[in-house]
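Right, one structure below, let's go through it.
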Amino acid sequence: MSQPYPHAILFDLDGTLLDSAPDFFGVVNSLRQELGKAPLATATIRQQVSNGGAALTEITWEVSRDHPEFGDYREQLLSRYGDYLASASALFPGFSAVLDELQLLGVQWGIVTNKPRRFAEPLLEKLALETPVLVCPEDVSLAKPDPASLLLAATRLGLKPEACWYVGDHLRDIQAGKAAGMPTIAALFGYIEDHDDPQRWQADACINTPDELITLLGQQPLSR
């Protein structure tokens with residue numbers, strides 16, 4: 001990269017840009033209450049949010065994905081999520097200042113997520129977050145870890161992939177970024193499972209807090 005800063009920084013949504021797990025605490029445990037099951041610890045739910053609706057369905061009903069009614073259970077969970085959407089979600093602490101700083105630096109930002117658009121768009125609207133690009137799984141044939149969604153985001157911004165950084169809290173995010181030819185940053189404050197080791201993801205950099213992203217911008221530019 002020849003420019004002093006990336007032209008854009010792209011973010012995963014749940015567990016990276018937004019702490020959306022608190023919405024799911026009520027979703028999962030209200031369903032479990034109706035099933036006569038004991039509530040799950042919030043830490044248990046939090047770790048599964050980045051793994052999507054299927055993973056949350058597994059821990060809610062305590063069933064595997066080959067269960068004959070798994071699809072119905074998942075739809076029940078997603079329907080309930082619509083009732084709780086943005087009820088407790090917020091930017092991770094420090095991200096508001098980071099986004100303001102990116103604007104001052106002339107660095108665009110966008111979102112590339114595996115979250116369905118029917119939830120991603122209203123979530124951002126309720127939180128009054130505006131971004132020039134939001135790429136959801138419906139926009140591509142293959143979701144992350146395939147790089148298609150990241151490449152589409154770069155195209156929509158009129159940029160080459162290598163001019164963008166990608167920040168995420170899951171191995172699939174780093175895999176997608178690398179496959180797209182983008183420098184990658186692991187968000188260690190995200191929804192990382194106990195058994196996972198982000199140091200083994202081979203991201204180009206790691207951040208413990210959102211503001212460390214600005215620190216990275218002041219250092220030697222990341223390149224791949």
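Just so you know, all these numbers are worked out from the coordinates, no wet-lab data involved. Predicted model, so just to flag it, every value in this text is computed and none were measured. Note that each Cβ is placed from the backbone with ideal geometry, even for glycine, and that neighbours are counted across all protein chains shown.
The angle separating the long axis of helix 171-180 from the principal Cα axis of greatest extent in the chain is about 40 degrees.
With the highest mean first, a sort of the peptides 190-196, 27-33 on other beta-carbon atoms found within 10 angstrom per residue produces 27-33, 190-196.
With a cut-off of at most 13 other beta carbons within 10 Å, and DSSP calling the residue loop, which chymotrypsin sites (Phe, Trp or Tyr not before Pro) in the range 1-104 qualify? Please list them. Mind dumping the intermediate values first?
Numbers: sites: Phe11, Phe24, Phe25, Trp61, Phe70, Tyr73, Tyr81, Tyr84, Phe95; in loops: none.
Filter output for the range 1-104: empty list.
For the chain, the mean residue ellipticity at 222 nm estimated from helices alone is -12000 deg cm²/dmol, where every DSSP H run of n ≥ 4 contributes -39500 (n - 2.57) and the total is divided by all residues, rounded to the nearest 500.
Calculate I(q)/I(0) for the range 1-128 by the Debye formula, one identical point scatterer on each C-alpha and no solvent, and give its log10 at q = 0.09, 0.12, 0.15 Å⁻¹ to two decimals. The Cα Debye sum returns log10 ratios of -0.31, -0.52, -0.73.
Can you compute the charge dipole magnitude of the range 125-224 about its Cα centre, using +1 on each Lys and Arg Cβ and -1 on each Asp and Glu Cβ, nothing else charged? Give it in debye, rounded to the nearest 20. Don't skip to the answer; put the middle values down first.
On the way: 8 positive and 15 negative charges, 85 e Å.
That gives the range 125-224 a dipole magnitude of about 420 debye.
Give the shape of the range 123-224 as rounded, prolate or oblate, defined through the alpha-carbon gyration tensor: a ≥ b ≥ c are the square roots of its eigenvalues, a/c under 1.5 means rounded, and otherwise the shape is prolate if a/b is larger than b/c and oblate if not. In terms of gyration-tensor shape, rounded. Which of Ala97, Ala38, Ala148 ends up with the largest GNM mean-square fluctuation for the chain, with Cα atoms connected below 10 Å? Residue with maximal mean-square fluctuation among Ala97, Ala38, Ala148: Ala38. Convex hull volume of the Cα atoms of the chain, normalised per residue: 118 Å³.
Shape index of the range 32-77: Rg/Rh, with Rg the Cα radius of gyration and Rh the Kirkwood radius from the inverse mean 1/r over Cα pairs, equals 0.94.
What GluC sites (Glu not before Pro) does the range 1-76 have in DSSP loop regions with at most 15 other beta carbons within 10 Å?
Values: sites: Glu34, Glu58, Glu62, Glu69, Glu75; in loops: Glu62, Glu69.
Answer in residue order: Glu62, Glu69.
How charged is the neighbourhood of Ser87? Take every other residue with its Cβ under 13 Å from the Cβ of Ser87, and add Lys/Arg as +1 and Asp/Glu as -1. Spell out each step's value before the answer.
On the way: positive: Arg80, Lys126; negative: Asp19, Asp23, Asp83.
Here the count lands on -1.
Compared with the dominant principal axis of the Cα atoms in the chain, helix 95-105 is inclined by about 20°.
Past 22 Å, Cα to Cα: identify those pairs from Lys144/Lys178; Lys115/Lys178; Lys37/Lys115, in the order given.
Working: Lys144/Lys178 11 Å; Lys115/Lys178 20 Å; Lys37/Lys115 27 Å.
Over 22 Å Cα-Cα: Lys37/Lys115.
Could you work out how far helix 52-61 tilts from the main Cα principal axis of the chain, as a 0 to 90 degree angle to the nearest 10? Approximately 20 degrees, to the nearest ten. Just checking the listed ones, Thr113, Thr42, Thr60: in the Gaussian network model of the chain with Cα springs under 10 Å, the one fluctuating most is Thr42.
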